[in-house]
Amino acid sequence: MAHRKDDYFRQPDTIKHCVFCCDMQERFRPAIKYFGDIISVGQRLLQGARLLGIPVIVTEQYPKGLGSTVQEIDLTGAKLVLPKTKFSMVLPEVEAALAEIPGVRSVVLFGVETHVCIQQTALELIGRGLEVHIVADATSSRSMMDRMFALERLARTGIIVTTSEAILLQLVADKEHPKFKEIQNLIKASAPESGLLSKV
């Protein structure tokens with residue numbers, strides 16, 4: 001059956017993606033490598049998600065001790081903001097929220113720490129049959145060694161390690177997308193490289 005080019009854009013209720021923001025909390029600010037950069041890139045991703053109507057799920061690791069999500073990250077419209085003590089974001093409440101999203105098949109994941117909460121979340125999600133995109137320039141750890149080895153390990157397990165600009169353009173997919181201009185404005189200035197081009 002032939003599809004018109006714009007059929008995809010006529011199905012706003014068929015959501016295929018979800019964005020996960022993991023533990024971007026105040027107490028991590030002085031400890032995480034390139035934290036300022038990943039805050040900036042994370043905010044760009046969440047703006048893109050709002051523009052495109054993509055649901056956002058946010059967790060905070062033990063917020064009583066580690067503080068809330070940093071103020072620079074705008075959580076307006078997030079589907080779920082949940083405290084946790086488990087490292088993985090895949091909690092019963094998160095699974096229930098995912099089940100409410102029609103047709104979800106992929107998760108865009110960013111936050112901290114790459115080798116702990118991000119890694120464990122990604123592995124659990126692919127174990128449930130979801131496609132996972134880790135946004136490398138919005139994901140970090142206290143140590144660059146832990147960060148880079150985790151990204152390598154995840155890539156070997158079939159998880160897609162990508163960048164914020166690549167994922168935002170993948171989400172619109174076509175310059176004829178009604179939100180393309182707004183997404184283009186988000187990426188007009190290149191994202192900071194957040195240490196990814198530094199030697200380990």
Q. When segment 125-173 is examined, which residues are found to be acidic (D, E) and under 15 Å from the mean Cα position of the chain (by Cα)?
A. E131, D137, E165
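For V161, state whether it is in contact with a His (Cβ under 9 Å, 6 or more places away or on another chain) and touching a residue at least 24 places away in the same chain (Cβ under 8 Å).
The answer is yes for V161.
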Q. Mind checking whether some residue in segment 127-141 is without any contact (Cβ under 8 Å) to a residue 12 or more places away in the chain, over 19 Å from E26 (Cα atoms) and among the aliphatic types (A, V, I, L, M)?
A. no
Q | Check on S190, open to solvent by less than 40 Å² (accessible area, probe 1.4 Å) and either touching a strand residue (DSSP E or B) at 6+ places or on another chain (Cβ under 7 Å) or over 17 Å from C21 (Cβ atoms) (or both) | A | no
**Q.** helices (runs of 4 or more DSSP H) contained in segment 33-139 and holding at least 2 residues buried (at least 19 other Cβ atoms within 10 Å of the Cβ) and touching a helix residue (DSSP H, G or I) at 6+ places or on another chain (Cβ under 7 Å)
**A.** 35-52, 119-127
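Select from segment 154-180 the residues that are in a loop (DSSP other than H, G, I, E, B) and of a type in the set (G, A, S) and write down the one among them that is most open to solvent (accessible area, probe 1.4 Å).
A173
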Q) Applying the selection to segment 91-121, what residues are of a type in the set (A, V, I, L, M), closer than 19 Å to K16 by Cα and under 14 Å from the mean Cα position of the chain (by Cα)? A) V107, V108, L109
Q.
So, in segment 21-46, exactly how many residues are over 19 Å from I187 (Cβ atoms), in contact with a Ser or Thr (Cβ under 7 Å, 6 or more places away or on another chain) and not β-branched (V, I, T)?
A. 7
Q. In this structure, does V104 turn out to be hydrophobic (A, V, I, L, M, F, W, C) and modelled with pLDDT of 95 or more?
A. no
Q: Being open to solvent by less than 40 Å² (accessible area, probe 1.4 Å) and in a loop (DSSP other than H, G, I, E, B) is the filter here, so list the residues in segment 22-32 that pass it.
A: D23, M24, I32
Q) Going by the conditions given, is T157 out of contact with any Gly (no Cβ under 7 Å at 6 or more places or on another chain), among the β-branched types (V, I, T) and within 29 Å of L197 (Cα to Cα)? A) yes
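The values are calculated or read from the model by the stated rules, or taken from the named source; none is laboratory data. These numbers were taken from a predicted model, which means no experiment stands behind them. Don't worry about glycine lacking a Cβ; one is built from the backbone with ideal geometry, like all the others, and counts go over all protein chains shown. What goes into the accessible areas is simple: the full protein's heavy atoms, side chains included, and nothing from ligands, DNA or RNA. Shrake-Rupley method; radii C 1.70, N 1.55, O 1.52, S 1.80 Å.
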